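Read the structure below first, then the notes.
The values are calculated or read from the model by the stated rules, or taken from the named source; none is laboratory data. Being a predicted model, the structure only gives us computed values, none of them experimental. In this analysis, Cβ positions are derived from the backbone assuming ideal geometry, glycine residues included, and neighbour counts consider all displayed protein chains.
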Amino acid sequence: MANYEYRGQLLTIPENDSEYRGYFEAAGEHKLVVKKCGNCGLMRGEPGPGCPWCTSLDWEWVEVSGKGTIYSYQIVAHTVVPALKDLAPFAIVLVELDEQSGQPTSEDGLRIVANLLDADLKPEKEEKVSIGARVEVIFDDEPGGISIPHFKLSGEEPRGDTWQHII
């Protein structure tokens, strides 16, 4: 069993874990991977053994570019998770990756959730976070040997309109 410490919080990944082990092994090599269905060929970011579109249990890890667009976001103003308290406020983003945008239907896409950080691995300023902003994956290499994928703003022009919640 692999045990890691992330910001003072213990993370355990059992040797027989098929849901996350490959994800974190790839992250350790600074690669972002998702599951690709061996039956229909569609990719998915969420954990689970079955394809949400065809229910096949046949899948493999595939590398993706890590580039995408913020589809939605939430600003966490207060957290009860001790490891994240000093980061608040911080943005959690739902990113639609470029590889499968608008598939299998125009309302669907390959989407994954992560924190939005700046280039120094600090929480991105709230006023810079917007739906439609372009992002790219970055990796937080922790001393214990685990790498955590996050996103940062890429500086690339948005492909359409953007939207922000302004207080």
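Does residue 4 count as part of a strand (DSSP E or B) and either touching a Ser or Thr at 6+ places or on another chain (Cβ under 6 Å) or in contact (Cβ under 8 Å) with a residue 12 or more places away in the chain (or both)? The answer is yes for residue 4. So is residue 69 polar (S, T, N, Q), surrounded by 14 or more Cβ atoms within 10 Å (Cβ to Cβ), touching a Lys or Arg at 6+ places or on another chain (Cβ under 9 Å) and at pLDDT 95 or above or not? Answer is yes for this residue.
Of all the numbered requirements in (1) outside any helix (DSSP H, G or I); (2) over 25 Å from residue 8 (Cβ atoms); (3) of a type outside the set (Gly, Ala, Ser), residue 99 misses one, and that requirement is (1). Against the conditions (1) touching a Phe, Trp or Tyr at 6+ places or on another chain (Cβ under 6 Å); (2) in a loop (DSSP other than H, G, I, E, B), residue 135 satisfies every one except (2). Checking 34, 80 one by one, the residue that is under 27 Å from residue 144 (Cα atoms), of a type in the set (A, V, I, L, M), part of a loop (DSSP other than H, G, I, E, B) and out of contact with any Phe, Trp or Tyr (no Cβ under 6 Å at 6 or more places or on another chain) is 80 and no other.
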